[in-house]
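The values are calculated or read from the model by the stated rules, or taken from the named source; none is laboratory data. In this text the structure is predicted, and so the values were computed from the model without any measurement. Here the Cβ positions follow ideal geometry from the backbone for every residue, glycine too, while neighbour counts run over all protein chains shown.
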Amino acid sequence: MNVKQNRNSGTSFGIFFALTAMLVAPILLLSESTIGIQKAYADNNWYLGKGAKANTYYTYKIQDHDTKESQPFIMTIYLKQFDNSKGYWIAPVYVTEPNGNVINGTFHLSDLDLTALGSSQISTALRPYKSAYVNTLAWLASFVPKPGQSLSAPSWGKLAAIGGSAIAPSGAAKVTVPAGTFDTTAISWHYGADNHIYVNPNIPYPIKAQAFAAVTTGAPPIQYAFELQSTGQGQPKQPKTLILEPKSPLTLQTGRGTYNIQLFWQPAIIVHGKVTQFGILFMDSSNNIQNQVSYTFSVTTPDGKIIKQAADQKAPDGTGKQSIIIPQAGPFMVKVSIDAVTGNPSGEFIESATFNLAAK
């Protein structure tokens, strides 16, 4: 009797095991399939920081509407090492300013999205460029932090501003920049104009971008643009300060992008102790000449010493003229402020542009 019960128990256990195996097998197969799908999806994901490696540098030429009157500058970011205890990248940064001066500091970059953290070790001179970094190279951080989004997703999100299309991958694009030719996916949206950021799935920053400011009339000014100049392993050489000789004419946007101011000078090489004739042309963002302009023309040394200050100047046909003698060799700055156009004052926000020049 006991033996019979044992045999039945063994038979029952065998049947149970077989049924269980039949039920579990599809689940295991499904799990393996699901894992494969998830892995494929993850491989197709991109986020700011994907592919980041220690002892690697990236050099970009950057133009930001809100930095240095939209004048291009060069920024090198060196991902020196990752601090596991603090969860951020230690990244020395070198910036060659529009006037050729070089400044440096150290960013602490979040492992989540490469944003520059408050603990970053930067000087006052570097702060505007930290903001420019946030506005340009790290602009996608709010859309694609780790683990990122698929490069074939229908949408990555929408702008907080009203209107415009979703930000989304728009297809493959082969992009050539000074650093080389890259296979990329274009991330695009329309908001007043067509905007594009090009990302390579194996590089932590975008390769190239061009985005425009939203305006109600006229041609939209560039909000930001950048492109990869070079990349490599090992600590990059610190850039050397350049002595730039700007060529006439120079055109800069005012702070809000409402106007373009073009500055001319004669002779072409400014010599200290001799008279230099300056000409100014006032235009809107679409380069249409503006009439009946009131402006202020000021010239200062880099430390703020005033060389000339001329307020309430008139440009009835959109052009102005100024004469000045630069007292000594070296850099100086010309600031042109638009006080009113056709009798309409600029208001609390001063529309101005500052030109960095040098005398021999």
>> If I ask for residues that are small (Gly, Ala, Ser) and loosely packed, with under 13 Cβ neighbours inside 10 Å, which ones from the stretch 331-360 would you list?
In response: Gly343, Gly347
>> Step by step: first the residues of the stretch 192-212, then only those that are surrounded by fewer than 19 Cβ atoms within 10 Å (Cβ to Cβ) and touching a Pro at 6+ places or on another chain (Cβ under 7 Å), then the one that is modelled with the highest pLDDT. Which residue is that?
In response: Ala193
> When the stretch 104-120 is examined, which residues are found to be surrounded by fewer than 18 Cβ atoms within 10 Å (Cβ to Cβ), among the aliphatic types (A, V, I, L, M) and without any contact (Cβ under 8 Å) to a residue 60 or more places away in the chain?
Replying inline: Leu117
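Hey, can you tell me all the residues within the stretch 52-87 that are part of a loop (DSSP other than H, G, I, E, B) and either closer than 20 Å to Ser120 by Cβ or over 19 Å from the mean Cα position of the chain (by Cα) (or both)? Please lay out each step first, then the result.
Taking the stretch 52-87 first, the residues part of a loop (DSSP other than H, G, I, E, B) are 52-55, 65-67, 71-72, 80, 84-87.
Listed by number, the residues that qualify are Ala52, Lys53, Ala54, Asn55, Asp66, Thr67, Lys80, Asn84, Ser85, Lys86, Gly87.
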> Does Thr185 qualify as being modelled with pLDDT of 95 or more and out of contact with any Gly (no Cβ under 9 Å at 6 or more places or on another chain)?
Replying inline: no
> Give me the pairs: first residue in the stretch 318-333 and of a type outside the set (Val, Ile, Thr) and in a strand (DSSP E or B), second residue modelled with pLDDT of 90 or more and exposed (fewer than 13 other Cβ atoms within 10 Å of the Cβ), beta-carbon distance under 6 Å, and six or more apart or on different chains, which are they?
Replying inline: Ser323/Val275; Ser323/Gln277
> How many residues are in contact with a helix residue (DSSP H, G or I) (Cβ under 9 Å, 6 or more places away or on another chain), of a type outside the set (A, V, I, L, M) and crowded, with 19+ Cβ neighbours inside 10 Å if we restrict to the stretch 251-267?
Replying inline: 3
> Does any residue of the stretch 260-274 turn out to be in the same structural domain as Phe355 (by TED's automatic domain parsing), under 28 Å from the mean Cα position of the chain (by Cα) and in a loop (DSSP other than H, G, I, E, B)?
Replying inline: no
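Output the residues belonging to the stretch 165-217 that are among the β-branched types (Val, Ile, Thr) and closer than 18 Å to Gly51 by Cβ.
Taking the stretch 165-217 as the starting set, the residues that turn out to be among the β-branched types (Val, Ile, Thr) are 167, 175-177, 181, 184-185, 187, 197, 199, 203, 207, 215-217.
The answer is Val175, Val177, Thr181, Thr184, Thr185, Ile187, Ile197, Val199, Ile203, Ile207.
Given the criteria of a type in the set (Ser, Thr, Tyr), surrounded by fewer than 19 Cβ atoms within 10 Å (Cβ to Cβ) and in a strand (DSSP E or B), does Ser298 qualify?
Here the answer is yes, as Ser298 does meet what is asked.
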